Amino acid sequence: MVEVTLWAGLVPLADDQKTVTVEAETIRELLRKLGERYPALSGPIKDQVAVVIDGVVYRNDWSQRIPEGAEVFLMRRLAGG
Amino acid sequence: MSFDAGYQSHKFKSVGTRPLRPDGVDKVTGRARYGADFNMPGQLVARVLRSPHAHARIVRIDTAKAEALKGVKAVVTAADLPDLTNGDGALFAILDNCMARTKAMYDGHAVAAVAAIDENVAKAALKLIEVEYELLPHVVDVDAAMQADAPVLNDTIFTTGVDPKPETPSNIANRSEFGHGDVDAGFAAADFIVERSYKTEQTHQGYIEPHACVANCNSDGSADLWVCTQGHFVYRQNCADLLGLEVSKLRVTSSEIGGGFGGKTHVWTEPVALALSRKAGRPVKLVMSREEVFRASGPTSATSIDVKIGARKDGKITGAMATLRYTSGPYPDMWAELGAMTSFACYDLENVKTVGFEVVVNRPKVAAYRAPSAPMAAFAVESAMDELAHKIGVNAVDLRVMNAASEGTKSSYGPVYGPIGIGPTLEAAQSHPHMSAPLGKNQGRGMACGFWFNFGGQTCSDLNVNADGTVGLAVGTVDVGGSRASLSLIAAEELGIDYQDIKAVIADTATLGYNDMTDGSRGTFSSSMATISAARNAIDVMRARAALMWDIPVDDIYWEEGHAKAAGSKYGNLSPLSVKEIAAESGNTGGPIAGHSEMIADGAGVSFGTHICDVEVDPETGSTRIVRYTVIQDAGKAVHPSYVEGQYQGGAAQGIGWALNEEYVYGDDGRLQNPGFLDYRIPVCSDLPMIDTQILEIPNPNHPYGVRGVGETPIVPPLAAIANAVSNAVGVRMSHIPMSPPRILAALNDAAKG
């Protein structure tokens, strides 16, 4: 099981849950299940989300495996210069 | 295809050396072709009509007289760029910024454009366009825009991130919050508290090359765009979306780039040039003047920031809080949120809270500027850290070392850090000779830390082994700082051949798969990973070709030092085959030899730096001179150390300008008063000392060679390091950037009055 923390802007779209527990082995599975459980999250998941696993930011690599016990955050996709 | 991006220790031959860059000679001899250097037969010249008002409703535009002028081939307004954005707010902001639709939102906002046979005709035509404006009240200051009685720019903006949802529109587009613990309890436990408000003024990236492009729409629906950009694939997508073009029919070629720093990460005039070309049926060149670059491209935010930090007598911080207000121009974005995320990221804090307010104002649309939003937040926090060190009576570096984040620290923006490099940069600063060098009269020393998120992204490259054994490398990330040299070194390292035998080019959008742009410090990080992968794929092909040449199983062939070698003693008589020998036979062993790579290069890892600065302030004029400057930063592995140092020095140089002089100055009428390099003063060589650098190499575990992005972090600490140095030199805390001579004199006079 993965406990994922949502950024504040997503909380109202997930029944006001700040953290959500999901059975997922990869980022792709995590995001799919989050979207199924909270359809309002589907929009942001499509193009606004980056996923942080144990402190490392993943913007695109949805095949990345989520280790057991990893700390997982959803963060807004960042702009860079 | 699988690619192991994990770090493996290497003994490097090419990586870490300093050969000349392949584009260097062309650049210093004037042969390199930038955005404005491309021309096509029958090309027209475009000019843009811009609003002279900070905020105005466009009642009517009459282009008839301009269209009737001899030599005018097309005139476009927003009517020629219909809204195809389908509810995508970010894309609509880009569209509306390219050409105002119902309102001009800032001084310089485009309202119409002309394509004519020459510049004189185009300029004359602009004067014939009649625009009727209904002037609206404007606001340019971030704090003023947040007031309840401020003129509201957009009555569809209701602050998000607050509960309950507001019932009236305002200029505060979003409130974001980060942190953990209980800051009130943290401040209650503090022996010392520092609390201060800071301001930073709006600055421009100051790239030397203005935005420039040549657009050509053909009658069959295909189009070409030659353009100065940080990301030609992104520009292709922007233009295709905004003009309703098929992506495959728009070919975008990136020119050499005379600086971008985040300012060339989305389109500004390119859709207008394409719309003009589509209407005129001829190629159109559109080049911004310097005045237009200042008035109508994307500077960074102006900010207003409050910081409160409390600590025990021993220096341990017990609570930290920041409220950050950032301008975003007329269109909401995430600039304040980035400031709120980065402000305390250097530190291990039990109780921390940051709140960001995104504020729309009648200024140009804000664009990314090198570690966007982080320098202003660092200025405020690192200034307060210095003041706290003085108050407690501890050394400024020691205070930071004592509170520095490390592996396992819960960051102020949420996640727990893995292995990070702030500690080593601080320790390097502690022991650096610069920290203990004597200071002269009117001189002061300051230091500061900085943080930035680096990122990777979608990346694609092709590596072709030519028949003579030389290698062509095609990459899709625009070279903004010497990456063709760095990537050639990477290819040489993997293949085991000479750097001189590699020719790297930036491929256009029709000849290579999609690449994200060069931003987020990702150019060398991402494309080096793709280059390593492509080279390894090419080596697999060459091993197979060697197997055919020798007529032995490919599994018995390994690659070493640029040669295919037969394993074991049974092939003892076989001399190793070089790349040249294998390539020479390629026509008879299966045809051309190539390696291709498409990947997501993720796992860039966060980045930290520490800067030390000495200044001398003239107490009579308030003028500040940078006496000595040192940048310390972790590069993971410096592929081409000279260009890593160049990034460090460039970031510091831009930060010096930002800290001391650069500033958008608006009149009461909301018009920009200083849209030119004479009145908007960026540093020149004579303003700068040689900037010293120290490269730390702590391998990135998520890159085969340990490489980290280095481009953005160097601009994060300078504002604070210089402010601390100036404050220490004059004995007055400077809390408003830029610290221009009048501002320093005013602070000195105020202090003298008590």
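Bear in mind these aren't lab numbers, they're just calculated from the coordinates by the rules spelled out. As the structure is a prediction and not an experimental result, all values here were calculated from the model. Cβ atoms come from the backbone with ideal geometry, glycine included; neighbour counts cover every protein chain shown.
Key figures for this structure:
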{"read-out": "Cα centroid of the range B:671-729 to Cα centroid of the range B:24-83, whole Å", "value": "34"}
{"read-out": "Anchor A:Lys46: lysines whose Cα lies under 21 Å away (excluding residues fewer than 8 positions away in-chain)", "value": "A:Lys18, A:Lys33"}
{"read-out": "For B:Ile58, net neighbour charge (Lys/Arg +1, Asp/Glu -1) across residues whose Cβ lies under 13 Å away", "value": "0"}
{"read-out": "Cβ-based net charge around A:Arg77, under 15 Å, with every Lys or Arg adding one and every Asp or Glu removing one", "value": "-4"}
{"read-out": "Alpha-carbon centroid distance for the pair the range B:353-396 / the range B:595-625, whole angstrom", "value": "14"}
{"read-out": "Relative contact order for the range B:137-417, counting Cα pairs under 8 Å that sit 6 or more residues apart, in percent", "value": "25"}
{"read-out": "Peptide A:47-59 - average C-beta neighbours from other chains (10 Å radius)", "value": "6"}
{"read-out": "Helix-only [θ]222 nm of chain B, DSSP H runs n ≥ 4, -39500 (n - 2.57) each, per residue, nearest 500", "value": "-8500 deg cm²/dmol"}
{"read-out": "Which of B:Leu495, B:Leu69 has the fewest Cβ neighbours within 10 Å, and the rest in rising order", "value": "B:Leu69, B:Leu495"}
{"read-out": "Chain B, relative contact order in percent, only Cα pairs under 8 angstrom and at least six apart counted", "value": "16"}
{"read-out": "For the range B:243-326: relative contact order, % (alpha-carbon pairs under 8 angstrom, 6 or more apart)", "value": "19"}
{"read-out": "Hydrodynamic radius by Kirkwood, which averages 1/r over all alpha carbon pairs of the protein assembly as shown, in angstrom", "value": "28.1"}
{"read-out": "DSSP-defined beta bridges in the protein assembly as shown - what % are antiparallel, rounded to 5", "value": "75"}
{"read-out": "Antiparallel bridges, percent of DSSP beta bridges restricted to chain B (to nearest 5)", "value": "75"}
{"read-out": "Net lengthening on full extension, B:Val684/B:Tyr571 (0.36 nm per residue, minus Cα-Cα)", "value": "34.4 nm"}
{"read-out": "Convex hull volume per residue for chain B, taking Cα atoms only, in Å³", "value": "176"}
{"read-out": "Built amide H within the under 5 Å cut-off of B:Leu696, gap 5+", "value": "B:Gln633, B:Asp634, B:Ala635"}
{"read-out": "Value of D in µm² per second that Stokes-Einstein yields for the range A:2-76, Kirkwood Rh from Cα pairs, at 37 °C (0.692 mPa s)", "value": "274"}
{"read-out": "Within straight-line cross-link reach of B:Lys313, aspartates and glutamates at Cα separation under 12 Å, skipping those fewer than 8 residues along the same chain", "value": "B:Asp191"}
{"read-out": "Number of partner chain Cβ atoms within 10 Å, mean per residue of B:449-459", "value": "3"}
{"read-out": "Dipole-positive endmost among A:Val2, A:Tyr58, A:Val22 within the range A:2-76 (Cβ charges, Cα centre)", "value": "A:Tyr58"}
{"read-out": "Magnitude of the charge dipole, chain B, Cβ model with Lys/Arg +1 and Asp/Glu -1, debye to 20", "value": "1040"}
{"read-out": "Entries of B:Lys249/B:Lys365; B:Lys70/B:Lys365; B:Lys565/B:Lys637; B:Lys199/B:Lys391; B:Lys316/B:Lys391; B:Lys27/B:Lys580 with Cα pairs more than 24 Å apart", "value": "B:Lys249/B:Lys365; B:Lys70/B:Lys365; B:Lys565/B:Lys637; B:Lys27/B:Lys580"}
{"read-out": "Least to most buried among B:Met734, B:Met402, B:Met690 (fewest other Cβ within 10 Å first)", "value": "B:Met690, B:Met402, B:Met734"}
{"read-out": "Amide H partners (placed H, <5 Å) of A:Val2, local residues excluded", "value": "A:Val22, A:Glu23, A:Ala24"}
{"read-out": "Calculated from backbone phi, Karplus (6.51, -1.76, 1.60) coupling profile of the range A:26-41 in Hz, x at Gly/Pro", "value": "10, 4, 4, 5, 4, 5, 4, 5, 5, x, 5, 6, 10, x, 5, 7"}
